Amino acid sequence: MIDVTNSTESPIASQTVSDKVYQWIKNAIINGDFKPGERIVQDDLTKYLRVSRTPVRDALQRLSTEKLVVITPFHGAEVFALSKKSLDEIYEVRILLESFAAQNACEFITFDEVAELERINNQIAENKFSHQQYMQLDREFHSLLCRTAKSDYIMEILTAAWDKSDPYKSIYYTLPGSADHTIAEHAEIIDSIRSRDKAALERSIRLHLTDVVDTISRLSKAFKYNNI
């Protein structure tokens with residue numbers, strides 16, 4: 001628990017204040033300084049960080065879209081309960097379903113759709129320092145790949161899994177080098193689906209998603225507070 005009641009100097013250096021506040025709160029969540037389920041009181045943070053209410057409110061809203069923070073009317077912001085068990089289960093579901101969908105997509109995917117996958121991957125490279133853009137484009141890549149399997153039922157389940165994985169992905173996306181890993185792994189997936197090599201495609205998807213799990217598991221001290 002961070003003592004935010006007393007502060008003589010602001011921990012926030014001058015830059016873009018909203019971005020710095022956002023990154024400070026996010027790091028505190030990842031490092032376990034804010035515990036899973038703990039309330040984040042805006043007024044306490046404004047005093048501790050010595051900033052106005054606006055950047056704190058904006059930062060919490062941004063973290064809410066990434067699902068690291070849950071905002072409830074008349075209650076305020078609360079830290080999402082990061083869980084190693086949840087991370088493992090969500091990604092095992094993703095690995096199984098995305099591998100299955102991608103292998104089915106080998107039967108249906110067109111040259112234009114393969115080209116679109118490449119275009120999205122190139123956009124990730126162009127926007128790799130914009131975490132929100134990077135996150136959105138990665139979702140588009142996986143969605144397009146699986147959508148070409150022509151199964152509404154699989155897409156319905158995967159959409160729920162992608163939503164649940166967002167808090168963990170938002171951690172991964174901010175790590176140095178994560179975008180380069182993603183771009184290279186996406187390129188392997190594209191090569192496998194272009195050659196219609198289902199075995200190589202399954203391996204590429206498994207390695208790509210397992211990399212996220214392994215990286216976050218090593219990083220997040222928050223898991224020690226919520227290992228159920």
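The values are calculated or read from the model by the stated rules, or taken from the named source; none is laboratory data. Keep in mind it's a predicted model, so treat the numbers as computed, not measured. Cβ sites come from the backbone with ideal geometry, for glycine too, and all protein chains shown count toward neighbours.
Here are the numbers for the structure shown:
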item	result
Condition check for Asp191: assigned to a helix (DSSP H, G or I) and free of Cβ contacts under 8 Å to residues at least 24 places away in the same chain	yes
Evaluation of Lys67 against (1) in a loop (DSSP other than H, G, I, E, B); (2) crowded, with 18+ Cβ neighbours inside 10 Å (one fails), failing number	(2)
Test: Ala160 is of a type in the set (A, V, I, L, M, F, W, C), crowded, with 16+ Cβ neighbours inside 10 Å, in a helix (DSSP H, G or I) and at pLDDT below 95	no
Residues being touching a residue at least 60 places away in the same chain (Cβ under 8 Å), part of a helix (DSSP H, G or I) and basic (Lys, Arg) - total across the range 20-44	1
Check on Val51, in contact (Cβ under 8 Å) with a residue 40 or more places away in the chain, surrounded by fewer than 18 Cβ atoms within 10 Å (Cβ to Cβ) and among the aliphatic types (A, V, I, L, M)	no
